Amino acid sequence: MVSGKEHISISTLEQLDGERWGEPPHNSYLVRRTHELRTIPLNKFTAEDLRMMIAQKFSLDYLIPLALDVLAGDFMAEGHLYPGALVESVLKVDPQFWQVNKDLWLKANRLVKQNKQKLKRNGITYAGFNQMFTNTK
């Protein structure tokens with residue numbers, strides 16, 4: 001039997017949310033790639049794929065947990081941009097997402113606290129993120 005987490009990892013975003021986007025309405029790389037990524041199993045996503053989709057605010061309920069797993073193993077995962085690009089996209093997620101998903105915020109905040117020096121060295125700010133829930137230690 002396939003576990004819930006394993007089922008999600010072998011599924012595509014189209015399968016998980018039941019939406020088919022069809023052909024991209026624009027011919028830019030970003031639009032084409034985000035459409036393509038919706039048809040790829042999540043276990044095939046790279047750090048760059050996660051960064052791109054999270055930065056566009058797509059399917060956060062599925063992608064943030066995967067991104068946090070990547071960051072737990074390689075906190076400064078970069079994709080095609082620069083060291084820390086994935087964590088920076090996670091830190092910029094709308095506070096409303098974190099308010100609804102406080103367990104994920106706690107995991108992310110724990111990673112941030114453990115890696116403060118790496119963030120500082122790479123010029124990535126996190127003050128607003130780690131103060132989101134002021135009563136949380």
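SER59 meets all of the listed conditions (1) touching a residue at least 40 places away in the same chain (Cβ under 8 Å); (2) hydroxyl-bearing (Ser, Thr, Tyr); (3) at negative phi but one, namely (3).
Rundown of residues vs (1) surrounded by 17 or more Cβ atoms within 10 Å (Cβ to Cβ); (2) at pLDDT below 95; (3) aromatic (Phe, Trp, Tyr), yes/no style:
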position	(1), (2), (3)
LYS5	no, yes, no
ILE8	yes, yes, no
GLY18	no, yes, no
GLY22	no, yes, no
ARG33	no, yes, no
PRO41	no, no, no
LYS57	no, no, no
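Please work out if LEU63 is of a type outside the set (Asp, Glu), modelled with pLDDT of 95 or more and more than 23 Å from GLY128 (Cβ to Cβ). No: the conditions fail for LEU63.
Residues are listed down the side, and each one gets a yes or a no for (1) at pLDDT 95 or above; (2) of a type outside the set (A, V, I, L, M, F, W, C); (3) out of contact with any Gly (no Cβ under 9 Å at 6 or more places or on another chain); (4) within 30 Å of ASP17 (Cα to Cα):
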site	(1), (2), (3), (4)
LYS92	no, yes, yes, yes
PRO95	no, yes, no, yes
LEU104	yes, no, yes, yes
THR125	no, yes, yes, no
THR136	no, yes, yes, no
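The values are calculated or read from the model by the stated rules, or taken from the named source; none is laboratory data. Values in this document were obtained by computation on a predicted structure and should not be read as measured data. Every residue, glycine as well, gets a Cβ built from its backbone with ideal geometry; the counts of neighbours run over all protein chains shown.
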